[in-house]
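J.: One structure coming up, written as structure tokens, with questions to follow.
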Amino acid sequence: MADEKKEVLVSVRGLEQYFNLGKKDEVRAIQDINFDIYRGETLGLVGESGSGKTTTGRAIIRLYKPTAGEINFEGKDIAKLKNGSKEMQEFRREVQMIFQDPYASLNPRMKIKDIIAEGIDINHLAKDDADRDAQVANLLQLVGLNPDHASRYPHEFSGGQRQRIGIARALAVQPQFIIADEPISALDVSIQAQVVNLLKEIQEKRDLTYLFIAHDLSMVKYISDRIAVMHYGRLVELSTSDEVYNHPLHPYTKSLLSAIPVPDPETERLRKPVPYDASIEEDGQDRSMVEITPGHFVYAAKGEIEGYKAAAAAYNK
Ligand SMILES: Nc1ncnc2c1ncn2[C@@H]1O[C@H](COP(=O)(O)OP(=O)(O)OP(=O)(O)O)[C@@H](O)[C@H]1O
Ligand SMILES: [Mg+2]
């Protein structure tokens with residue numbers, strides 16, 4: 001994506017999401033989350049299981065009422081919208097989600113044309129039945145499925161094809177922003193790249209903005225312009241994909257990178273996974289995301305900033 005003329009589409013500030021599991025039993029799923037997503041870009045969100053990736057995505061589409069913070073979409077604060085309001089309905093159309101499990105997310109008793117057209121019906125986006133059929137046929141074509149199969153049921157499709165149906169369903173209401181929550185994790189490795197490439201292609205055609213959630217950094221690099229790394233409900237690093245990959249600063253990011261197997265056997269033999277010791281952040285110091293070099297943010301305490309700056313400078317020597 002071109003760097004000039006960056007326009008912020010989604011802006012998250014101080015977002016917190018706590019869950020109450022009964023008296024005084026509170027899960028702080030995400031805390032003090034801050035980031036912007038530029039129009040037309042893909043922001044990758046990575047971190048281990050339980051780090052708060054899904055909660056962040058679900059909070060942004062307002063499946064929850066955020067405990068605190070702001071979510072701005074095209075300049076409007078979504079966190080404060082009321083369920084059922086006209087603005088909320090509009091927002092719900094503009095932002096769509098693609099889920100991890102294409103088996104669980106498609107109603108087995110519905111024909112795929114009705115699954116895909118659900119949002120078209122709810123939002124009255126088709127003039128008549130012929131228009132509805134035509135829109136479904138176009139969407140099937142767009143995601144690489146045969147429009148003649150519109151009357152089939154989900155079980156008649158493979159995992160990769162079902163994920164394509166999920167993508168068609170998300171696109172049916174002409175959203176601007178898509179949150180893809182581990183959309184390829186449940187698929188065979190051989191199919192994963194196809195679905196990622198499809199998402200990239202559609203992004204260009206439809207001018208879409210993505211938040212792409214994934215467990216590990218390997219596939220995320222190919223689709224993301226920038227990457228945000230999460231750990232224990234907080235962001236710890238955010239920068240361009242290249243920076244996060246080649247010049248990681250936070251020890252947790254380094255640990256995540258060291259866990260990726262490399263294709264070259266010689267290099268793979270020498271690869272040493274670096275464990276991350278989370279207790280270094282339990283020292284009572286205040287930490288926040290600090291911009292170490294332009295656009296490269298790291299979760300750091302005051303006393304750590306100089307060290308990160310020196311490490312960044314050493315990379316650039
Ligand atoms: N509805 C909920 N009620 C209570 N706790 C929740 C709820 N949703 C998430 N959590 C907790 O919040 C934390 C973050 O969960 P989340 O699902 O966002 O992580 P994740 O990064 O998406 O993990 P995964 O990679 O396994 O999908 C976890 O400790 C989880 O148990
Ligand atoms: Mg998740």
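J.: If ligands, DNA and RNA are left out, what is the accessible area of Met219 with a 1.4 Å probe, given in Å² to the nearest 10?
T.: Its accessible surface works out to 50 Å², give or take rounding.
J.: For Glu204 and Lys272, compute 0.36 nm times the residue count separating them, minus their Cα-Cα distance, and round to one decimal in nm.
T.: Extra length available between Glu204 and Lys272 comes to 20.7 nm.
J.: Mind jotting down a quarter of the surface of the convex hull over the alpha carbons of the chain, in square nanometres, one decimal?
T.: Orientation-averaged projected area of the Cα hull: 19.2 nm².
J.: Roughly how far apart, in whole Å, are the Cα centres of region 148-186 and region 94-134?
T.: When both Cα centres are located, 9 Å separates them.
J.: I'd like to check one number: the per residue accessible area of the chain, probe 1.4 Å, reported in Å² as a whole number.
T.: So the chain comes to 51 Å² accessible per residue, rounded to a whole number.
J.: Going by average Cβ neighbours within 10 Å, how do the peptides 192-202, 149-159 rank, with the highest at the top?
T.: Ranking the peptides 192-202, 149-159 by packing returns 192-202, 149-159.
J.: DSSP beta bridges in the chain, what fraction antiparallel, as a percent rounded to 5?
T.: Antiparallel: roughly 60 percent of the beta bridges in the chain.
J.: Work out how much length Lys80 to Ser218 would gain on full extension: take 0.36 nm times their residue separation and subtract the Cα-Cα distance, in nm to one decimal.
T.: 46.1 nm
J.: Arranged from highest to lowest average of other beta-carbon atoms within 10 Å per residue, in what order do the peptides 289-297, 126-134 appear?
T.: Top of the packing list down: 289-297, 126-134.
J.: Report in % the part of the accessible area of region 254-317 that belongs to carbon and sulfur, leaving out ligands and nucleic acids; probe 1.4 Å.
T.: Here it works out to 58 percent.
J.: Round to a whole number: what % of the accessible area of region 111-249 belongs to carbon and sulfur, probe 1.4 Å?
T.: Details: 2580 of 5810 Å².
Taking all protein chains in place, region 111-249 shows 44 percent carbon and sulfur surface.
J.: How many percent of the alpha carbon pairs in region 1-75 exceed a separation of 19 Å?
T.: In whole percent, the share of Cα-Cα pairs in region 1-75 beyond 19 Å is 40.
J.: Leaving ligands, DNA and RNA out of it, rank Ile223, Ile280 by accessible area with a 1.4 Å probe, largest first.
T.: Values: Ile223 10, Ile280 85 Å².
Ranked list, largest accessible area first: Ile280, Ile223.
The values are calculated or read from the model by the stated rules, or taken from the named source; none is laboratory data. Bear in mind the structure is a predicted one, so any value in this text is a computation, not a measurement. Every residue, glycine as well, gets a Cβ built from its backbone with ideal geometry; the counts of neighbours run over all protein chains shown. When the accessible area is computed, the model is the full protein with side chains, heavy atoms only, and any ligands, DNA or RNA have been set aside. Shrake-Rupley method; radii C 1.70, N 1.55, O 1.52, S 1.80 Å.
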